[in-house]
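Data first, discussion second: the structure below is written as structure tokens.
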Amino acid sequence: FFFFDSLQDQFDNLEKHTQWGIDVLEKYIKFVKERTEIELSYAKQLRNLSKKYQPKKNSKEEEEYRYTSTRAFLATLNEMNDYAGQHEVISENMTSLITGELTRYVQELKQERKSHFHDGRKAQQHIETCWKQLEASKRRFERDCKEADRAQQYFEKMDADINVTKADVEKARQQAQLRHQMAEDSKAEYSSTLQKFNSEQHEHYYTHIPNIFQKIQEMEERRIVRIGESMKTFAEVDRQVIPIIGKCLDEITKAAESVDHKNDSQMVIEAFKSGFEPPGDVDFEDFTQPMKRTVSESSLSNSRGDGKSEPKFGSKSKGKLWPFIKKNKLMSLLTSPHQPPPPPPASASPSAVPNGPQSPKQQKEPLSHRFNEFMTSKPKIHCFRSLKRGGAGPEDFSNLPPEQRRKKLQQKVDELNRDIQKEMDSRDALTKMKDVYIKNPQMGDAASVDHRLAELGQNIEKLRLEVQKFEGWLAEVEGRLPARSEQARRQSGVYEAQNPSGVNSCAQDRESPDGSYTEEQSQETEMKVPATDFDDEFDDEEPLPTIGTCKALYTFEGQNEGTISVAEGEMLYVIEEDKGDGWTRIRRNEDEEGYVPTSYVEVYLDKNAKGA
């Protein structure tokens, strides 16, 4: 029984150990499963992070990604998205190669372990049964031997006793012989049982139990090997994605190395370049002649009023037209010429005239004009309606600085050319279809596409007129042409005739007295705008008072808008002094007033007007 108990203890120990091995395997499976969840969560967070900082489509952010630094950042976001994808691959591979495989293996291991311990318990029960049979046979043999001895002793006692009959003696002798025979049979049976038990026991301890233990050992070793292989796979799954992750990091490094600060700076310069020239030097103002003071071309001061400087609203890049400016002043600002006046005739010199005004320097613009253009590029208000209602920008982009306007016009021309090409491609396709219909009438009616072809032709013609119009504006900006050609005028007129809705727009062309482009709106269109609540504030204003007189030194043909013709020696009234742009506003009578070059007239200012 000691051996049996010892063997039973070994089975219990093995059963506990193998169960512990299965628990370790299940614990490792749980560990890998949580790792895969972490990888998925990390990948999801990386993707969300990358998506969070991606530029939104059709937004201002998308325009900012044209710089090398922001493009590098965008490349980093894309690579981080791929980086997150590799962590998803890690999770998927660990789930399929480790978690799934080990889960199935644990189920098989449990079944195998159960089978081995069942065989062990069965062999143990069999040997215990054999042992019990041997013990029973042994006890029976011992009992029969004792019974045979007692029967022999009883027979000898009866045989020695003279008082016992012969029959009793014979009966005792037969009983003793029977007992001896039973003892011999029990002996033979015990011997046979013992021999059988020894054989079973040898088979049990040397064959069955070692085989069962061997199977349990092999099962446990396979478990150990399997968990080791899983740990190796755990590392290999990570190692497999390292090259791809390395490529992602290399691309991020490459994107970082592509950042070009010079290029980004140049792009900023191109994006915000206005095309304005910096203001010139401030000229000396001579205050020694109070009555016949000549205002410097670059002066920032205004002699009218109380001598305080006023902002120049007449520059090409005009700022705001403030609502509190009087109507006649506002009209003068909208119609005042803004280009340098023509020089006086070469045959006569203003210096020959006593106390004559100084001639403006050639192509010299006033400082206030240039400073306003250089420092501000606010959109111009094109008419009272747009001021009141906040209308859209002009069609020719004249509210932009020259360089920005050129870019916008070029983009518009390119866009229109692309639209023309699309329409021409559609027309060519329909023409081919019509030819096919003509050759094969059963395929369709050739006349059915005529209406569409006519529409395409009209669309192409309209687009071409649009291109010519914008190319004219572009030529003015790029070449600084003095004025648009008559052909461009006629083309624009044809387009306006075909599109009457555009005639009432506040975005029409305007030219300065010397023919160069100044504003986008003509005086006639501006003055014909229906009155609004905003205009009512200016209806009852008095005309500008005269501040002096002037004498025409030369004949001036005022052929351009906002100017007035004068004859040499003619006396006129001065209603607005030269503000540094080379033009003086004069009046002949109540109905005739306009601008003349300051160098063409000699101005006599009233003292009372100066102090008003």
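The values are calculated or read from the model by the stated rules, or taken from the named source; none is laboratory data. Because the structure is a prediction, the values reported are computed rather than measured. Neighbour counts run over all protein chains shown; Cβ positions are idealised from the backbone, glycine included. With ligands, DNA and RNA removed, areas are computed over all heavy atoms of the protein, side chains included. Shrake-Rupley method; radii C 1.70, N 1.55, O 1.52, S 1.80 Å.
Assorted remarks:
- The largest accessible area among PHE31, PHE287 belongs to the first residue in PHE287, PHE31, and the rest follow in falling order (1.4 Å probe, all chains).
- Each label was represented as a point 7 Å from its Cα along the Cα-to-Cβ direction; for GLU415 and VAL24 these points are 7.3 nm apart.
- SER41 versus GLN442: modelled label distance in nm, points set 7 Å from Cα along the beta carbon direction: 7.2
- Net length available on complete extension from SER265 to ARG66 is 70.5 nm, with 0.36 nm assigned per residue and the Cα-Cα distance removed.
- Accessible area per residue (1.4 Å probe, heavy atoms of protein chains only) ranks ARG239, ARG173 as ARG239, ARG173, with the largest value leading.
- Ratio of Rg to Rh for the range 542-596: 0.93 [Cα atoms; Kirkwood radius as inverse mean 1/r over pairs].
- Per principal axis, descending, Cα span of the range 62-113 in whole Å: 67, 13, 7
- Considering only TYR206, THR233, ILE162, and ranking their Cα positions along the charge dipole of the range 10-264 that arises from unit charges at the beta-carbon of Lys, Arg, Asp and Glu, the one farthest toward the positive end is ILE162.
- Size of charge dipole - the range 548-605 - debye, nearest 20, with Cβ of Lys, Arg +1 and Asp, Glu -1, no other charges: 140
- Over the range 10-264, relative contact order from alpha-carbon pairs under 8 Å, at least 6 apart, %: 33
- Packing-based ranking, highest mean first, of 466-475, 144-153, 11-20 given that Cβ atoms within 10 Å are counted: 466-475, 144-153, 11-20
- Solvent-accessible area of THR233 with every protein chain in place, 1.4 Å probe, in Å² to the nearest 10: 40
- nm² value of the averaged projected area, convex hull over the Cα atoms of the range 1-120: 9.7
- Subset of LYS57/LYS262; LYS52/LYS408; LYS138/LYS187; LYS56/LYS408; LYS422/LYS462; LYS132/LYS196 violating a 20 Å alpha-carbon distance limit: LYS57/LYS262; LYS52/LYS408; LYS56/LYS408
- Rounded to whole Å, the principal axis extents of the Cα atoms in the range 395-478 read 60, 15, 14, largest first.
- FRET efficiency for the ILE162 to GLN195 pair, using the beta carbon distance and R₀ = 41 Å, is estimated at 0.30.
- A Cβ-based charge dipole, computed about the Cα centre of the range 180-289 with Lys and Arg at +1 and Asp and Glu at -1, lands at about 1340 debye.
- Neighbourhood net charge (13 Å Cβ-Cβ; Lys/Arg +1, Asp/Glu -1) for LYS132: +1
- Of the residues ARG464, ARG588, ranked by 1.4 Å probe accessible area with the largest first, the sequence reads ARG464, ARG588.
- Cβ crowding within 10 Å averaged over residues, with 557-566, 205-214 ranked highest first: 557-566, 205-214
- LYS254-ASN48 FRET efficiency (beta carbon distance; Förster radius 22 Å; 0.05 resolution): 0.35
- In Å², nearest 10: area of ASP414 left accessible to a 1.4 Å probe: 60
- In the complete set of protein chains, residue-level accessible area for TYR42 is approximately 90 Å², probe 1.4 angstrom.
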